[in-house]
Amino acid sequence: MKTELVMLDPTSELSPTERPRRERPSTFEGMTIGLLDISKRRGDVFLDRLEERLNERGFPVRRYRKPRFSILAPLELKHQIRNECDLVIEALAD
């Protein structure tokens with residue numbers, strides 16, 4: 001049984017935008033992984049440990065941080081991540 005997943009944009013969108021979900025990669029081999037800290041408390045602790053584990057497995061990791069969790073990531077940061085990484089893991093912690 002397949003359940004439909006509806007994701008809403010919390011940035012005051014006036015009408016929902018449908019975006020297809022990308023398939024998850026079957027492997028991280030050959031990929032650069034971006035770790036995005038959204039600046040919530042202790043998110044960096046989670047990402048530090050995750051980076052350590054990914055490095056142990058030989059995956060290249062790049063770190064990024066939003067100025068504040070309550071705002072969207074600046075466009076320049078989004079472009080930088082897109083140009084430097086194949087996939088991104090975002091930390092949400094408190």
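The values are calculated or read from the model by the stated rules, or taken from the named source; none is laboratory data. Just so it is clear, the structure is predicted and the values come from calculations on it, not from any experiment. Glycine gets a Cβ as well: all are built from the backbone with ideal geometry, and neighbour counts include every protein chain shown. To get the accessible areas, we keep the full protein, side chains included, count just its heavy atoms, and leave off ligands, DNA and RNA. Shrake-Rupley method; radii C 1.70, N 1.55, O 1.52, S 1.80 Å.
Summary of computed values
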read-out	value
Some residue of segment 43-51 being open to solvent by 80 Å² or more (accessible area, probe 1.4 Å), of a type outside the set (Asp, Glu), assigned to a strand (DSSP E or B) and modelled with pLDDT of 90 or more	no
Filter pass, Thr27 being in contact with a Pro (Cβ under 6 Å, 6 or more places away or on another chain) and either of a type outside the set (Phe, Trp, Tyr) or at pLDDT 90 or above (or both)	no
Candidate set from segment 52-77 (those that are in a strand (DSSP E or B) and not charged (D, E, K, R)); member that is surrounded by the fewest Cβ atoms within 10 Å (Cβ to Cβ)	Val61
Pick from segment 78-94, criterion open to solvent by 90 Å² or more (accessible area, probe 1.4 Å) and part of a loop (DSSP other than H, G, I, E, B), ranking: modelled with the lowest pLDDT	Asp94
